[in-house]
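Below is one structure, written out as structure tokens; the observations come after it.
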Amino acid sequence: MRRYVAALVAASLVVAVFPLAGLAQQQPSFEEVSFLVRRGDALWVIDTSGTLTKGKVESFSGASLRLKTWSGTREFIQPDVLEIHWEFRDSVGDGAKRGFYVGAAFGLFLGLTANERGVHNGEAPLAGVIVGGVYGAAIGALVDLNRNSQRTIYRADNISGPRRLRVAPVASRDRKGVSINVSF
């Protein structure tokens, strides 16, 4: 029982001390988003019909967005857009830096272990830091090179109509039918 109370108190403190910062953030308007993205940026747009369109920005004004997709050019006006997601690559330098730190720490550990066993004359920790850091930086850079991230930069405030309609079959020994879920 004491563990349960301690866990409950700890969880309450975490919630009280670390407020949810995401609730305080305000979504930018369609016009403000036009200043955030540049020509050639990759965007994913969900329109009012629920269609997802992926493409690169050709032009973006406060009233409309023009995307170049694989099938041609598509233009969206502000009332037709529900969400805009911005796709971007992670920084390779950041991955290399973090990889260097992890690799250097691991190399230092291995070097201290080898030095303690008398395998080397004291250069093992320094060599371990250098070799481990170089390998770690290379691995970190390769991981971030292949990593794309996505961020929602616009979400419409006034949505007229359902955002999602899900229809699923329901089948069991004693039930047959359809489940319909409408989300607003």
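The values are calculated or read from the model by the stated rules, or taken from the named source; none is laboratory data. None of these values were measured; they are calculated from a predicted model. Note that we place each Cβ from the backbone using ideal geometry, even for glycine, and neighbour counts take in every protein chain shown.
Any idea which residue in segment 64-76 is farthest from S34 (Cα to Cα), counting only those that are in contact (Cβ under 8 Å) with a residue 12 or more places away in the chain and surrounded by 12 or more Cβ atoms within 10 Å (Cβ to Cβ)?
Looking at residues that are in contact (Cβ under 8 Å) with a residue 12 or more places away in the chain and surrounded by 12 or more Cβ atoms within 10 Å (Cβ to Cβ), I get T69.
Specify the residue that is modelled with the lowest pLDDT; the eligible residues are those in segment 61-100 that are aromatic (F, W, Y) and in a strand (DSSP E or B).
F88
What are the pairs, 6+ residues apart or on separate chains, where a residue within segment 88-110 that is over 14 Å from V134 (Cβ atoms) has its Cβ under 6 Å from a residue that is among the aliphatic types (A, V, I, L, M) and exposed (fewer than 15 other Cβ atoms within 10 Å of the Cβ)?
Cβ pairs passing all conditions: V92/L145.
Just to be sure before I move on: is S29 farther than 25 Å from R147 by Cα, of a type in the set (S, T, N, Q) and modelled with pLDDT of 85 or more in the structure I sent?
Working: farther than 25 Å from R147 by Cα: yes; of a type in the set (S, T, N, Q): yes; modelled with pLDDT of 85 or more: no.
Judged against the criteria, S29 is not a match.
Conditions tested, residue by residue: (1) more than 27 Å from T51 (Cα to Cα); (2) at pLDDT below 85; (3) surrounded by 15 or more Cβ atoms within 10 Å (Cβ to Cβ).
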{"position": "F109", "(1), (2), (3)": "yes, no, no"}
{"position": "A114", "(1), (2), (3)": "yes, yes, yes"}
{"position": "V119", "(1), (2), (3)": "yes, yes, no"}
{"position": "G161", "(1), (2), (3)": "no, yes, no"}
{"position": "V170", "(1), (2), (3)": "no, yes, no"}
{"position": "D174", "(1), (2), (3)": "yes, yes, no"}
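Against the condition touching a Gly at 6+ places or on another chain (Cβ under 6 Å) and within 21 Å of D144 (Cα to Cα), how does R98 come out, does it pass?
Working: touching a Gly at 6+ places or on another chain (Cβ under 6 Å): yes; within 21 Å of D144 (Cα to Cα): yes.
In short, yes.
Can you tell me which residue among V178, V182, V129 is surrounded by 14 or more Cβ atoms within 10 Å (Cβ to Cβ) and either under 24 Å from G107 (Cβ atoms) or at pLDDT below 85 (or both)?
Matching residue, one of V178, V182, V129: V129.
So, L145, is that one in contact with a helix residue (DSSP H, G or I) (Cβ under 8 Å, 6 or more places away or on another chain), of a type in the set (A, V, I, L, M) and at pLDDT below 85 or not?
Spelling it out, L145 is indeed in contact with a helix residue (DSSP H, G or I) (Cβ under 8 Å, 6 or more places away or on another chain), of a type in the set (A, V, I, L, M) and at pLDDT below 85.
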